[in-house]
Number of protein chains: 2
Amino acid sequence: MAKTAAKAEFPIGALAKESAVNIETIRYYEKIGVMPKAPRSAGGYRLYAPEHLKWLTFIRRGRELGFSLDELRDLLHLVDGHAYSCAEVRALTLDHVAGIRQKIADLKRLERVMTSVASQCSGRKIPDCPVIDALFQAAPATARSRRSKTRGRYV
Amino acid sequence: MAKTAAKAEFPIGALAKESAVNIETIRYYEKIGVMPKAPRSAGGYRLYAPEHLKWLTFIRRGRELGFSLDELRDLLHLVDGHAYSCAEVRALTLDHVAGIRQKIADLKRLERVMTSVASQCSGRKIPDCPVIDALFQAAPATARSRRSKTRGRYV
DNA sequence: CCTAGACCCTGTAGTGGCTACAGACTCAAG
DNA sequence: CTTGAGTCTGTAGCCACTACAGGGTCTAGG
């Protein structure tokens, strides 16, 4: 446990448990450069320090709040270099909120359509279902269906 | 235009234009069995009839309403065999609506968190941003973060 | 010292729903 | 017969993981 090493190193399994992030995901994060490369033991095991846990927690939280790994990488580089201003970060965040609002609006529209269509269902065993009919009709214009960047289907 | 063929056959490009679905996507749909295999011309071109357009419109609409291709395949097989009851379809639809509501709720929660965090930003150029601080803190329990089936990140 | 078993390693392939290419072929008009 | 638009197949890429296979390492107990 104490050899020549720094304070309190731990292997990837412990980091996974602490952070509630999968081992494979951690390795993946390292591979794509979202997590820094961990130093290795003589046998090739990754060795982590508390900073890594903070870093990973940041990523997990960010993912939960809907940031992409790309965005988080940028954010982390900003933070790591202490070169960020609160205004920068807020701008990024508000951008993000705008995206979320858009998604909520889209989903609400969807909910309205689906509900109204389903409510017309008779429940009888005939091939005359309004849901099916609705699906056979082309959509009315579908405005705003290609927003750059936020191109995910999210549904 | 009229050889020995049936009424009004057209190639994939026309179908793509009519349906507003990409050519590649149509071929992909055929490959994975969501679209039926189209008959071919002597030279190997796919030939489509109006039924195919209806079928594809159904898929596009369904996708816009958030059905997965799997769900649509089932739906289409039901419809194609005329074996569906309106009740069956309604059940599937309402299930779907429930999923949408869940997503809306999640996104609203997200929006609230992000907005409140961003609103605390001073805009000054110091390394003391509440967004960053929030990201460094572990999430509070994160209840309901693993709902089977609806496992997409949707954000 | 040896062994068992828990842990870790790399690399590859799969998920969903497409999109984008390369390189070859077909078709219709001039 | 040529030209150029359209089409063909097959493969690889996107995102953010997840799930293996087939090996190596570490450590506690005998």
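Observations
- For A:K108, inter-copy label distances in nm, listed shortest first [label point 7 Å out on the Cα-Cβ vector]: 0.9
- Chains B and A, summed buried accessible surface - 1.4 Å probe, Å², nearest 100: 5500 Å²
- Dimensionless Rg over Rh [region A:40-89; C-alpha; Kirkwood]: 1.09
- In terms of its C-alpha gyration tensor, region A:13-115 has an oblate overall shape, because the principal axis ratio a/c (a ≥ b ≥ c, square roots of the eigenvalues) is not below 1.5 and a/b does not outweigh b/c.
- Taking the protein heavy atoms of region A:12-67 in the context of the full set of protein chains, the accessible area attributed to carbon and sulfur is 53 percent at 1.4 Å.
- Within the accessible area of region B:93-136, the carbon and sulfur atoms contribute 52%, probe 1.4 Å, all protein chains present.
- Exceedance of the 22 Å cut-off in Cα-Cα distance is limited, within the set A:K31/B:K103; A:K108/B:K108; A:K108/B:K31; B:K17/B:K37; A:K108/B:K17, to A:K31/B:K103; A:K108/B:K31; A:K108/B:K17.
- Calculated FRET value between B:K17 and B:A98, using beta carbons and R₀ = 45 Å, to 0.05: 0.80
- Note on region B:93-136: semi-axes of the ellipsoid equivalent to its C-alpha gyration tensor, largest first and rounded to whole Å, are 34, 8, 5.
- With protein chains left intact and a 1.4 Å probe, residues in region A:7-64 average 56 Å² of accessible area per residue.
- Label point 7 Å beyond Cα along the C-beta direction, distances from B:F136 to other copies (nm, shortest first): 6.1
The values are calculated or read from the model by the stated rules, or taken from the named source; none is laboratory data. Keep in mind that what you see is a predicted model, and the values were worked out from it rather than measured. Using ideal geometry, Cβ is built from the backbone for each residue, glycine included, and neighbour counts are taken over all protein chains shown. Heavy atoms of the whole protein, side chains included, go into the accessibility calculation; ligands, DNA and RNA do not. Shrake-Rupley method; radii C 1.70, N 1.55, O 1.52, S 1.80 Å.
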